[in-house]
Each structure stands twice: as structure tokens, then as C-alpha cells.
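The values are calculated or read from the model by the stated rules, or taken from the named source; none is laboratory data. Please read these numbers as outputs of a predicted model, since none were measured by experiment. Note: ideal-geometry Cβ built from the backbone for every residue, glycine included; neighbour counts use all protein chains shown.
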Amino acid sequence: MSAATTSAKTTHFQGVSPWSLADDAGYSAWRAQKLDGYEQAITAPPIRLKDLANPSESERAELAKRCQKTNLAIYETIPLAADPDRVRADLRGFSDALGLKIAERHRSAGELGIVALTVTDATSQRGYIPYSRKPMNWHTDGYYNGPDDQIRAMVLHCVTPAGDGGANQVFDPEIAFIRLRDLNPDYITALMHPKAMSIPENREANGTVRPVSIGPVFSVGADGHLAMRYTARTRSISWRDDDMTRRAVAVLAEILQGDDPLIQSLRFAPGQGMLCNNVLHNRTGFDPDDELKSDRLVFRIRFHNRVKGS
Ligand SMILES: [Fe+2]
């Protein structure tokens, strides 16, 4: 066998990728494995953590295993609602134990790089939906970040739930990829285009400017994992001016508004949270009744790397 032949074969073998439209066999094999047992995996009870700040080896292994299967792990720990500062410190320990690198540059990143999602009138957060009672449409976190500043994982941890509403739906981007590819592989080509989705620059109240962000919806990282950059918002966004892109975006929105059995609905109790590889998520509005307003508090941490071992 000549060296050239060996090299070509090796390249072909390494090129097996579920994300490549040129590799139907690779995709089919991965798809079957991905969907096998998926529904059971997302209906498993939350992982019980004895000490949020110091997950044990077996707890860490279970978190990684679930993230490996579904890109998401739901956990629960003893609620410490009376002491949010302690929860922050514990969440920092949790992140460190899982080898996650906190993305601290978010304008609202508070102490320890952890953002408190709660209703506020603070100047820097006024007018932003996460800090209001309004519903939030489907998105992945950091979709407006530049290509070198992508968010690969995050934690949402409930300290105090809303009195009414404030639930989340979540959807694995790899399942979104499967749904779209199965309908029409051209949707994937359109959404992998490097100029598929543009978010214009944004001038903050304090005068800083977030630059325009242009990039694909689906991309494949250097680690071979699929990443998704998406928002269902319809204002302050422009899609590539192309018929297939428009169709792909419309079909994706339909999927997210539909009743796909692999879309999960979650409502976290105090001490519960989710660790995920930046899955698609939304939030319902909450506490519409003025008389029954809660002090809903959810901590959010964003990371530049994926959950280790997933
Ligand atoms: Fe989010």
C-alpha cells in the first residue's frame, strides 16, 4: 500500500462527522446513538448533590454523563435561599470543580462573575428583558458575542422561584440539528453559512458599544462539537438575504413553537438548577398579578468551555 493511499484512507476515516452533509453514514450512525434512550434520559430525576460547592467524583461523573447524552444536567441541592452570597460562593466552587472557565465580561456580571437574574431598576439593566417579568423568546446565550468569545456552557440556579410562571423550556441544539437535517439538509447549509445571522451593534446606557456580530447559527468547534448561536427575536437582527435561509429560519421557529417530544419544560424549585452546554432555552413571563409579586432570583453563570467529559 502506498503512503498516499494510507494517508487518504486516514483522512477519510477522520472525516467521519455527524455534522458533515457529505457523510450520510456517519450522520446516521451518530443520529441513532443520539436518539437511543434520549427521552428516558431527559425524564430522569435531578442529580442530588450533597454539597454544591464540592460535587463528589460520582456526582461529577453523572453530571458529565447526562451532558454527554443530552447537553443538559438538572441537579438539586439543599436550598440556601436565605443566603444568596453563600450560593454564589458555592456556585463558584461548583464551576471550578467541573473545570469550567467563567466568562466574566458580561456587563451585568456581578460578584464572582455570577449574574443575578432578578427584577431590577438598576440603570445598566433597565429595559433588558432578563431583568424584567416579561417572557423571553428562544435563544442560546451570548448569541451577540464575537466568534472568539462564544459561550459554550452555562448554569442557571434557582434561589427563589416566581410566585407564578417563570418556567423554562429547553431544547438540545443537536436535536434541533437532527430535526432540520431530516427535513432538508439545505437548511443546515444555510444555517452554517458564516454570514447567516447578524446582530447590529448596540450602544449601552453607559456609552459602551457592543460591536456588530455576524456569524453562523450552527458551527463546529475545534473540539469537533456542534455549537449553536441563535435568537428567535425578530427586531435588531438580520438574516442573510437568501431564500433558503429564510425558509430554514421559519422552519426552526416552527419546531421551537411546536410540540416536539424532546423539548423539555422545567420549573425549578429553590436549590435546583441546570448545567448545560448552552442549549436553546426560553422563559415564560411571571408574576402578572401586582398583588402577588415574588422576589424571583436565579443565578446565571456563563462559560467559555463545555462541561468536561461531555
Ligand atoms: Fe439565556
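For the stretch 135-158, name all the residues that are of a type outside the set (S, T, N, Q) and either out of contact with any strand residue (DSSP E or B) (no Cβ under 7 Å at 6 or more places or on another chain) or within 10 Å of the ligand (Cβ to nearest atom) (or both).
136, 138, 139, 141, 142, 143, 148, 149, 151, 154, 156
Would you pick out the residues in the stretch 52-64 that are free of Cβ contacts under 8 Å to residues at least 60 places away in the same chain and surrounded by fewer than 16 Cβ atoms within 10 Å (Cβ to Cβ)?
Passing the criteria: 54, 56, 57, 58.
Testing residue 175 on (1) in a helix (DSSP H, G or I); (2) in contact with a helix residue (DSSP H, G or I) (Cβ under 7 Å, 6 or more places away or on another chain), one condition comes back false. Which one is that?
(2)
What tally of residues in the stretch 260-289 results from selecting those that are among the polar types (S, T, N, Q) and within 14 Å of the ligand (Cβ to nearest atom)? Spell out the reasoning first.
Of all residues in the stretch 260-289, those among the polar types (S, T, N, Q) come to 264-265, 272, 277-278, 282, 284.
Those left that are additionally within 14 Å of the ligand (Cβ to nearest atom): 277-278, 282, 284.
Summing the residues that are among the polar types (S, T, N, Q) and within 14 Å of the ligand (Cβ to nearest atom) in the stretch 260-289 gives 4.
Please work out which residue is farthest from the chain's Cα centre (by Cα), limiting yourself to the stretch 159-180 and to residues that are closer than 19 Å to residue 114 by Cβ and within 14 Å of the ligand (Cβ to nearest atom). First the steps, then the outcome.
From the stretch 159-180, those closer than 19 Å to residue 114 by Cβ are 159-161, 166, 168; that's our starting set.
Now restrict to residues that are within 14 Å of the ligand (Cβ to nearest atom): 166, 168.
Numbers: 166: 17, 168: 12 Å.
Per the criteria, the residue is 166.
May I ask you to say which residue of 114, 129 is buried (at least 20 other Cβ atoms within 10 Å of the Cβ), within 16 Å of the ligand (Cβ to nearest atom) and within 30 Å of residue 84 (Cβ to Cβ)?
Just a single option satisfies the conditions, and that option is 114.
Across the stretch 191-219, what is the total count of residues that are part of a loop (DSSP other than H, G, I, E, B), of a type in the set (Gly, Ala, Ser) and surrounded by fewer than 20 Cβ atoms within 10 Å (Cβ to Cβ)? Lay out the reasoning, then the answer.
Within the stretch 191-219, the first condition is being part of a loop (DSSP other than H, G, I, E, B), and the residues that meet it are 192-196, 200-201, 204-208, 211-212, 216-217.
Retained after the next criterion (residues that are of a type in the set (Gly, Ala, Ser)): 196, 205, 207.
Applying the additional criterion that residues be surrounded by fewer than 20 Cβ atoms within 10 Å (Cβ to Cβ) yields 205, 207.
Result for the stretch 191-219: 2.
Would a scan of the stretch 74-85 turn up a residue that is at pLDDT 95 or above and surrounded by fewer than 21 Cβ atoms within 10 Å (Cβ to Cβ)?
Within the stretch 74-85 (the criterion being at pLDDT 95 or above and surrounded by fewer than 21 Cβ atoms within 10 Å (Cβ to Cβ)), the answer is yes, since at least one residue qualifies.
Scan the stretch 173-195 and report the pairs whose first residue is free of Cβ contacts under 8 Å to residues at least 24 places away in the same chain and whose second residue is buried (at least 18 other Cβ atoms within 10 Å of the Cβ), with Cβ atoms within less than 6 Å and a gap of 6+ or a chain change.
194/216
Being within 16 Å of the ligand (Cβ to nearest atom) and either more than 15 Å from the chain's Cα centre (by Cα) or surrounded by 17 or more Cβ atoms within 10 Å (Cβ to Cβ) (or both) narrows it down to one residue among 237, 188; which is it?
Values: 188 fails: within 16 Å of the ligand (Cβ to nearest atom).
Answer to the check: 237.
Which condition number does residue 50 fail, the rest of (1) modelled with pLDDT of 95 or more; (2) in contact with an Asp or Glu (Cβ under 8 Å, 6 or more places away or on another chain); (3) assigned to a helix (DSSP H, G or I) being met?
(3)
Kindly check whether there is at least one residue in the stretch 292-304 that is surrounded by fewer than 18 Cβ atoms within 10 Å (Cβ to Cβ), of a type in the set (S, T, N, Q), part of a loop (DSSP other than H, G, I, E, B) and without any contact (Cβ under 8 Å) to a residue 24 or more places away in the chain.
no
Starting from the stretch 248-263, take each residue that is assigned to a helix (DSSP H, G or I) and list its partners that are among the small types (Gly, Ala, Ser) and modelled with pLDDT of 95 or more, counting only C-beta distances under 7 angstrom and pairs at least six apart or across chains.
Qualifying pairs under 7 Å: 248/190; 252/176; 253/232; 255/176; 256/232.
In the stretch 31-51, which residues are surrounded by 13 or more Cβ atoms within 10 Å (Cβ to Cβ) and over 21 Å from the mean Cα position of the chain (by Cα)?
Across the stretch 31-51, the qualifying residues are 49, 51.
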